[in-house]
Amino acid sequence: MSTLVGTPPTASPVLSTAAPNPRPFRLVRHSLALAKRSLIKTWRTPEALIDVTLQPVLFLVIFVYIFGGAVAGSTHDYLQFLLPGILAQTIATGAIAIGVNLNTDIAKGIFDRFRSLPIPRSAPLVGAVLGDVVRYVIVTVSTLAIGYLMGFRIDTDPLRAIAGCVLAVLFALCLSWLPVYVSMKVRTPGAVQGLMFALIMPLSFASNVFVSADTLPGWMQAFVDVNPMTHLVAAVRGLFLGTPLDGHVWWTLAWCAGFVAVFMPLALRAYRKKI
Amino acid sequence: MSGGWRTLCDMTADLVIEAEGLVKHFGKTRALQGVDLAVPRGTVLGVLGPNGAGKTTAVRILSTLLTPDSGTARIGGFDVVRDAERVRQSIGLTGQYASVDEDLTGRQNLELFGTLLELGRAGARRRAAELLGWFDLTDAANRQAKTYSGGMRRRLDLAASLVGSPDVIFLDEPTTGLDPAKREDMWDVVRSLVTNGSTVLLTTQYLEEADALADAITVIDHGRVIAHDTPEGLKRVVGGQTLEVRPSDLADLPRIAAILSEVGSGGQADEIRKGVLAVPVTDDRALTASVARFAAAGIAVTELSLHLPSLDEVFFTLTGRTASEDDTTHRTEVAA
Ligand SMILES: Nc1ncnc2c1ncn2[C@@H]1O[C@H](COP(=O)(O)OP(=O)(O)O)[C@@H](O)[C@H]1O
Ligand SMILES: [Mg+2]
């Protein structure tokens, strides 16, 4: 074209016959480069964060001011009780977005290009999952900030408070392999959203998020006791408020490991098969 | 004619792209039904075919995105299924649909691919700047790709597939949807890639494009190769260019017919549509020659143009059916 100048910056005349360059940590480096891509996208489309920042506000305001008096006797006591639960619920629903985004993305040409590059096939998925960590941190910080404005206070120390936040972020990170897997199996982004809500809502209502677990009907107890959300909420409550931890941190970590061990291989396999 | 081309390939022997008997079915759709392709080093193969012929499927198999149901393909001697990783190191793919990230800027896109191709941070940055400059995208480098015009997107897309300096480049309908000026720009880009030693496989729906760029043309239809030849060979079979003239005054038709018969390649001038005369020509100079003759004779014309046969005409000559007619029969066949 008229604007092209000089020689094209292209091919070396010989086809590279060298063995694939086995530089170390390829998966890690490529995944991080692709995580940066997700970050830039999050940064460029802040409106995508509106639902995850609005949801905790709505839940906190509605439950604290409408049910607080009835459930806990005082709105402040209920806010203290509820905030860790809302944090867990928000961060778990926040993990749905990755499934919705991947389902939209994968149909576009960009994933074709990734697949035509000499990078590990799983790197685009791992990168997308890692890139979402920033979204979970934003969700955590904004939920805590709203709580503080409403009068929530940490009763323990900053170190344990941070540990609680890290645990919540880690939980979302590991849980997100489930929506990633679902997004490979389901046809439309709307279906990913619908299915994931249908999975996550029972988890957060049949748990200790809104009321103490022992007030729930007996037939539900068995489910509540194994529900990963119950363990996460109890662990965060313990770390924020000093209530007994009773091994909930370990149970949460076990669930995290379980999510990754089951859904990451399933998701990667489904991704390889999906053309 | 296919015999001649085979011999040519065997003689050169240095085939960078080779495919034999590629078959791919999607449910009941037989996208490829045994396709052979061969591209010697440093040449351009044009794969010509109508919508649905199987061009994209073939490109996706050659670029390791799809595995064939049967048949084999090698790029630079490496099997696209067994040595996919090696193949990916030497190819650049520009798909039919834009494959850059629209939320990223042009520069971020190119730097991302540079990082993924192990150029290192500084190397990726340098390569991105170089390609942005070369594709005249420097001014738009820091804008999100979704704000780019169609032509700019195509350029960015092509730039993205060149980040790793690939030896083999696949271009799937690189100019579909571009206006004629942008199309010629893209042709120049392809030509300079080849000058630099790359081997190119491009798909197109236009004989004109394949003729302008390719050293050899493979025509495919319904997943089968129906011809492969050099552009000259193919044009000999399907007929070369025609010169078309529409006079301002219909009364001039006989005089124009006489002039056309003289500047043409020997055939009679025909009235192909009402008020339009056409004559086969072999030499581009026929156009200027006829302009001079019309001017000398004081004849005014409203249209004067050179045409290669359309894809429909190519198919009619090669198969005795038009591409669209054939589509209908194919569909009923599949439905039955
Ligand atoms: N992923 C797919 N699933 C089902 N059918 C497909 C798929 N890809 C292509 N096809 C079908 O295969 C045939 C060839 O398609 P394609 O290779 O895209 O042709 P072209 O690129 O020449 O237009 C078409 O009938 C198309 O509908
Ligand atoms: Mg196509």
**OP:** Summarise the long-distance tail of P(r) for the protein assembly as shown by giving the % of C-alpha pairs beyond 46 Å.
**Re:** 35
**OP:** Post the alpha-carbon centroid distance, segment B:273-287 to segment A:130-205, in whole angstrom.
**Re:** 70
**OP:** Let me know the mean shielding of B:134-142 by other chains, meaning the per-residue number of their Cβ atoms within 10 Å of its Cβ.
**Re:** 2
Subject >> Accessible area buried, both sides summed, chains A and B with 1.4 Å probe, Å² >> reply: 4400
Original post:
Among B:107-115, A:243-251, how do they line up from the highest to the lowest mean number of other beta-carbon atoms within 10 Å?
Top reply: B:107-115, A:243-251
Original post:
Roughly to the nearest percent, how much of the accessible area of the protein assembly as shown is carbon and sulfur, given a 1.4 Å probe?
Top reply: 60
Subject >> Heavy-atom accessible area per residue - chain A, 1.4 Å, Å² >> reply: 45
**OP:** Return the loop-located trypsin sites (Lys or Arg not before Pro) in segment A:126-201 (DSSP other than H, G, I, E, B) with at most 15 other Cβ atoms within 10 Å of their own Cβ; answer none if there are none.
**Re:** A:153, A:187
Subject >> Diffusion coefficient, µm² s⁻¹, Stokes-Einstein with Kirkwood Rh over alpha-carbon pairs of chain B at 25 °C and 0.890 mPa s >> reply: 112
Original post:
Averaged per residue, what accessible surface does segment B:70-151 expose to a 1.4 Å probe, in Å²?
Top reply: 41
Original post:
Going by average Cβ neighbours within 10 Å, how do the peptides A:220-227, A:122-129 rank, with the highest at the top?
Top reply: A:122-129, A:220-227
**OP:** Between beta-carbons, use under 14 Å as the cut-off and find the net charge around residue B:263, counting Lys and Arg +1, Asp and Glu -1.
**Re:** -1
Subject >> Net charge contributed by nearby residues that have their C-beta within less than 15 Å of residue A:247 (K/R +1, D/E -1) >> reply: -1
Original post:
When the chain is fully extended, how far beyond the present Cα-Cα distance does residue B:184 get from residue B:14, taking 0.36 nm per residue of separation?
Top reply: 58.2 nm
Original post:
Residues of B:107-114, mean number of Cβ from any other protein chain within 10 Å of their own Cβ, rounded to a whole number?
Top reply: 3
**OP:** Tell me the trypsin sites (Lys or Arg not before Pro) within segment B:113-209 that lie in a loop according to DSSP and have at most 16 other beta-carbon atoms within 10 Å.
**Re:** B:143
**OP:** Over segment B:241-307, average the accessible area per residue using a 1.4 Å probe and give it in Å², no decimals.
**Re:** 55
Original post:
Any idea what the alpha-carbon Rg over 2.2 N^0.38 Å comes to for chain A?
Top reply: 1.18
**OP:** Determine the shielding of peptide A:40-51 by partner chains: average, over its residues, the number of Cβ atoms on other chains within 10 angstrom of each Cβ.
**Re:** 2
Original post:
Where Lys and Arg each count +1 and Asp and Glu each count -1, what net charge lies around residue B:238 among other residues with Cβ under 13 Å from its Cβ?
Top reply: -4
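The values are calculated or read from the model by the stated rules, or taken from the named source; none is laboratory data. The shown structure was predicted, so the numbers you read here are calculated from the model rather than taken from an experiment. Backbone-built Cβ (ideal geometry, glycine too); neighbour counts: all protein chains shown. All accessible areas refer to the heavy atoms of the entire protein, side chains included, with ligands and DNA or RNA removed. Shrake-Rupley method; radii C 1.70, N 1.55, O 1.52, S 1.80 Å.
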